[in-house]
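Scroll down for the structure; my scribbles are underneath it.
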Amino acid sequence: DAGVTQSPTHLIKTRGQHVTLRCSPISGHKSVSWYQQVLGQGPQFIFQYYEKEERGRGNFPDRFSARQFPNYSSELNVNALLLGDSALYLCASSLGPLRNIQYFGAGTRLSVL
Amino acid sequence: AQSVTQPDIHITVSEGASLELRCNYSYGATPYLFWYVQSPGQGLQLLLKYFSGDTLVQGIKGFEAEFKRSQSSFNLRKPSVHWSDAAEYFCARGSQGNLIFGKGTKLSVKP
């Protein structure tokens with residue numbers, strides 16, 4: 001069975017641009033979470049979606065937004081990119097929103113120049 | 001606020017030696033706890049989890065962890081380290097459906 005897949009693998013953008021990252025969960029999983037991992041740090045929670053509804057939001061500015069589609073895939077959008085947005089963006093899927101194991105994709109490496 | 005602390009940023013052990021990586025979590029209701037491993041440029045792979053019950057949990061690749069409520073700890077252990085275990089290890093606790101991670105411990109293995 002396919003695991004969590006993320007695209008693209010790598011991305012280079014300039015300040016002020018917009019970016020869209022995509023995630024396909026494990027088949028049967030209905031919850032998707034997004035995390036940001038800057039170099040040398042642990043992942044930080046950005047969003048969780050379950051059944052197309054936002055179930056949780058971390059301490060990130062409104063430039064960050066996300067959505068989940070009827071097939072449970074998800075997009076993370078970041079507007080007005082800053083240099084500090086350079087990071088590995090990880091997507092995780094789980095069966096449900098609470099007390100479930102989260103399985104991670106390989107991530108999208110975003111570099112903002 | 002809930003938090004996870006991994007006191008050791010970098011640990012080096014010899015191949016074949018035993019390993020213990022420390023993890024402490026902030027006080028709260030019975031936590032559910034995880035250890036993940038991340039190889040360079042990769043995502044996170046789940047090693048083991050604790051939700052409830054037996055406080056000694058077994059995971060993949062020969063790893064185990066022990067939950068100690070009195071010490072707010074969930075340390076990861078392996079009796080004999082292999083060169084392929086070199087990676088970064090993250091302890092995490094569940095919180096309202098999302099995960100709170102420690103800053104990670106980088107493990108280097110000497111031949």
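The values are calculated or read from the model by the stated rules, or taken from the named source; none is laboratory data. Quick caveat, the model's predicted, so the values are computed rather than measured. Ligands, DNA and RNA are excluded from the accessible area calculation, which covers all protein heavy atoms including side chains. Shrake-Rupley method; radii C 1.70, N 1.55, O 1.52, S 1.80 Å.
Quick rundown of the values:
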read-out	value
Order of exposure, largest accessible area first, which applies to B:54, A:62 with probe 1.4 Å	A:62, B:54
Rel. contact order, % - alpha carbon contacts under 8 angstrom, at least six apart, chain B	38 percent
Chains A and B together, accessible area buried on both sides, 1.4 angstrom probe, square angstrom	1600 Å²
Ranking by accessible area, most exposed first, for A:101, B:60 with a 1.4 Å probe	B:60, A:101
Largest-first ordering by accessible area, 1.4 Å probe, given options A:46, A:12	A:12, A:46
Minimum 20 Å² accessible area buried by the other protein chains, the stretch A:43-66 residues, probe 1.4 Å, relative to alone	A:43, A:45
Violating pairs (Cα-Cα greater than 25 angstrom) within the set A:52/B:49; A:52/B:103; B:49/B:78	A:52/B:49; A:52/B:103
Relative contact order of chain A, pairs being alpha-carbon contacts under 8 Å that are 6 or more residues apart, as %	37 percent
Heavy-atom accessible area per residue - the stretch B:8-111, 1.4 Å, Å²	47 Å²
Gap separating the Cα centres of the stretch B:40-89 and the stretch A:78-113, nearest whole Å	23 Å
The protein assembly as shown - percent of accessible surface contributed by carbon and sulfur, probe 1.4 Å	50 percent
